[in-house]
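Quick notes on the structure that follows.
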Amino acid sequence: MDTQVNIAGVTLKNPVMTGSGTFGSGMEYSEFVDLNCLGAVVTKGVANVPWPGNPTPRVAEVYGGMLNAIGLQNPGIDVFLERDIPFLKQYDTKIIVNICGKTEEDYLEVVEKLADEPAVALLEINVSCPNVKEGAIAFGQKADALYHITGQIRKKARQPIIMKLSPNVTDIAEMARAAEAAGADALSLINTLTGMKIDIHRRCFALANKTGGMSGPAIKPVAVRMVYQAAHAVKLPVIGMGGIATAEDAIEFILAGATAVSIGAMNFVDPYTTVKVIRGIEDYMRTYNVENITDLIGAVE
Amino acid sequence: MKEKSTAKVLSQQEIAPRIYDLWLETALAAQAKPGQFIGVYPGNAATLLPRPISICEVNGERTALRIVYRIAGKGTAEFSALRENDRVDILGTLGNGFPLEEGRGKHCFLIGGGIGVPPILQLAKKLEGDKAIILGYRDGNLFLAEDFAKYGQVYVATEDGSEGTKGNVLDTIAENALEADIIYACGPMPMLRAVKQYAAERGIRAYISLEEHMACGVGACLGCVVKTKEANPHSHVHNARICTDGPVFDAEEVDI
């Protein structure tokens, strides 16, 4: 049985990775799961300088999921290179660094600082965070803006780049094609869906930011649909995510066209989710006599 | 070592209106420290996130944890229906806990307000110092107050004046002319702000336990931060994670 998959020339031992922002830089969850088991660890988004993030409350529970408006708090690339990369290098897993920025220059500065870090296998470019007011999502909601920034990053990046797409768009296929045309090496989706919750007793917003990104099992059908549409619009490998809680969920994304999958909000619910999904995928492959997991990619009829 | 595991309900009773007293049999009791908390999971796919609830007490054999919580929403309402021998998933033990060494041999105030009273109990049990235990309640429902008597002198304040001093915990301190070298406190934010100011005016140290909406409870999601005076060594910004850097902070270090 072969669970290996390939993303832009990088071989992962299995298709299961972590959703950016839900797993820290691996350290916090290394008490619960053996990071060596994971296909890849995708880090919390990192910018060129430290970001303080949004005021609290930053998280709120909603039916079958949650809203967050963390605002991409992060310690900046310099601390990240000194602390988080050396930590992750101890493990036999691929390191994917998620990069955020407010301007094109912000992104490029981080990309350049990571160029001499061969331990970083792939870069995931977050152009779709709904919680940062300046820039960021603006790059991910218009096809021409996405095309432009993808092209600029592609020119500077040493590693293959994964463009992380926003679901808060009219036509996901158009966005996928724009990223592909500009030289993206892979796509990941979906980022969170913009949502809102109101506390009716206090008559105030549940989040200080008013709006937040919704994640969790409740968004899965939307995510599966968008992964299917994006995967069929481009030739690039697609990393599917959005509410994956079980191996069955992960298989659904793979059948829809995803080459790999990420576990996001469910890490908060069950810190062992990633490992359980990996074991469950192997069980599925045994049950249905699937020799090679790549045979399942896009195999929905 | 943190883990998610299944605990067995030993007992549960309502000890004041909407306030529940739950004993759980769990191996996590062996590592529990005063001021730490656990995440308690609703058994329902619509309410996914663990509810952070402070540890009130650990039994003598360190095989069971007591939590005392108020019904605040769907999750805690579900917990209130748990009966003996039911199972519930928990995540723990979480957070740093109160620094016990700092108070050893000193005159200590142990201050609890409202649903901030419970974590003060295990602290009162373990702290080796001269303890004045000051508890603030809304009304005459003095839940847990009797449990404190064997660990120190207990002073009570009620907002409606039905028991003890009419007013808040600081009013009790003034009324009884109490003094301390160090303060430990848990309670609502206005109380913690007043305690911080009280300590600052007297140049004494105060350790306060904070709460905030959380998702992971283990330091990954960055949902539950508090502003800090200095840049935090982990975040490199003026934010600390309440779940892992706290929930107990030196009052001077946080901007509340």
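One residue is enough: does region B:50-67 have a residue meeting the conditions of a type in the set (A, V, I, L, M), surrounded by 14 or more Cβ atoms within 10 Å (Cβ to Cβ) and free of Cβ contacts under 8 Å to residues at least 40 places away in the same chain? Among the residues of region B:50-67, at least one is of a type in the set (A, V, I, L, M), surrounded by 14 or more Cβ atoms within 10 Å (Cβ to Cβ) and free of Cβ contacts under 8 Å to residues at least 40 places away in the same chain, which makes the answer yes. Scanning region A:78-124 for residues that are basic (Lys, Arg) and away from every other protein chain (no Cβ under 14 Å), we see that the one that is nearest to the chain's Cα centre (by Cα) is A:Lys94. Looking across region B:29-49 at every residue that is of a type in the set (A, V, I, L, M) and open to solvent by 40 Å² or more (accessible area, probe 1.4 Å), the one that is nearest to B:Cys186 (Cα to Cα) is identified as B:Ala30. Taking (1) closer than 22 Å to B:Cys221 by Cβ; (2) not in a helix (DSSP H, G or I) in turn, A:Ala115 satisfies each apart from (1).
Taking only region B:87-115 into account, find how many residues are closer than 14 Å to B:Gln153 by Cα and crowded, with 23+ Cβ neighbours inside 10 Å.
5
Exactly one residue out of B:Val68, B:Val9 is of a type in the set (Val, Ile, Thr), within 22 Å of B:Glu211 (Cα to Cα) and more than 12 Å from chain A (Cβ to nearest Cβ): that is B:Val68. When A:Ala184 is tested against (1) surrounded by 23 or more Cβ atoms within 10 Å (Cβ to Cβ); (2) more than 14 Å from every other protein chain (Cβ to nearest Cβ); (3) not in a loop (DSSP other than H, G, I, E, B), only condition (3) is not met.
Summed over region A:194-219, residues that are buried (at least 21 other Cβ atoms within 10 Å of the Cβ) and either in contact with a His (Cβ under 7 Å, 6 or more places away or on another chain) or farther than 17 Å from B:Ala46 by Cβ (or both) total 4.
Residue-by-condition table, conditions (1) of a type in the set (Gly, Ala, Ser); (2) within 14 Å of another protein chain (Cβ to nearest Cβ); (3) in contact with a helix residue (DSSP H, G or I) (Cβ under 9 Å, 6 or more places away or on another chain):
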| site | (1), (2), (3) |
| --- | --- |
| B:Gly140 | yes, no, no |
| B:Val154 | no, no, yes |
| B:Thr165 | no, no, yes |
| B:Ile183 | no, no, yes |
| B:Leu192 | no, no, yes |
| B:Ala200 | yes, no, yes |
| B:Ala206 | yes, no, yes |
| B:Val218 | no, yes, yes |
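Residue count for region A:20-64, restricted to those that are under 17 Å from A:Glu82 (Cα atoms), touching a residue at least 60 places away in the same chain (Cβ under 8 Å), aliphatic (A, V, I, L, M) and surrounded by fewer than 24 Cβ atoms within 10 Å (Cβ to Cβ): 1. Within the span defined as region A:274-285, one or more residues are more than 28 Å from A:Met163 (Cβ to Cβ), away from chain B (no Cβ under 14 Å), open to solvent by less than 10 Å² (accessible area, probe 1.4 Å) and at pLDDT 95 or above. When B:Asn59, B:Asn44, B:Asn96 are checked against the criterion of being modelled with pLDDT under 95 and of a type in the set (S, T, N, Q), B:Asn44 stands alone in meeting it. Take A:Pro75 and tell me if it is open to solvent by 30 Å² or more (accessible area, probe 1.4 Å) and facing another protein chain (nearest Cβ under 7 Å). Taking the combined requirement at face value, the residue does not satisfy it. Considering region A:46-79 alone, what residues qualify as being of a type in the set (Phe, Trp, Tyr) and over 19 Å from B:Lys227 (Cβ atoms)? The one that is of a type in the set (Phe, Trp, Tyr) and over 19 Å from B:Lys227 (Cβ atoms): A:Tyr63. Each residue in region B:220-232 was checked for being more than 10 Å from chain A (Cβ to nearest Cβ) and open to solvent by 40 Å² or more (accessible area, probe 1.4 Å), and 2 pass. Return the pair list, or none, for Cβ contacts closer than 6 Å from residues in region B:233-252 that are farther than 21 Å from A:Asp78 by Cβ and within 9 Å of chain A (Cβ to nearest Cβ) to residues that are of a type in the set (Gly, Ala, Ser) and part of a loop (DSSP other than H, G, I, E, B), at least 6 apart or on different chains. As it stands, the answer is B:Thr244/B:Gly219, since those pairs meet every condition given. Within the set of pairs 6 or more residues apart or between chains, which connect a residue that is touching a residue at least 60 places away in the same chain (Cβ under 8 Å) inside region A:159-174 to a residue that is part of a strand (DSSP E or B) and polar (S, T, N, Q) with Cβ atoms less than 6 Å apart? Once the first residue is touching a residue at least 60 places away in the same chain (Cβ under 8 Å) and sits in region A:159-174, its partners that are part of a strand (DSSP E or B) and polar (S, T, N, Q) give A:Ile162/A:Ser188; A:Lys164/A:Asn126; A:Lys164/A:Ser188.
Listed here are the residues, each with its yes/no results for (1) assigned to a loop (DSSP other than H, G, I, E, B); (2) more than 7 Å from chain B (Cβ to nearest Cβ).
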site: A:Asn36; (1), (2): no, yes
site: A:Asn48; (1), (2): yes, yes
site: A:Pro57; (1), (2): yes, no
site: A:Glu61; (1), (2): no, no
site: A:Leu67; (1), (2): no, yes
site: A:Gly71; (1), (2): yes, yes
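The values are calculated or read from the model by the stated rules, or taken from the named source; none is laboratory data. Predicted model only: the values in this text are computed from it and were never measured. Note that each Cβ is placed from the backbone with ideal geometry, even for glycine, and that neighbours are counted across all protein chains shown. Calculation scope for accessible area: heavy atoms of the full protein, side chains included, ligands and nucleic acids excluded. Shrake-Rupley method; radii C 1.70, N 1.55, O 1.52, S 1.80 Å.
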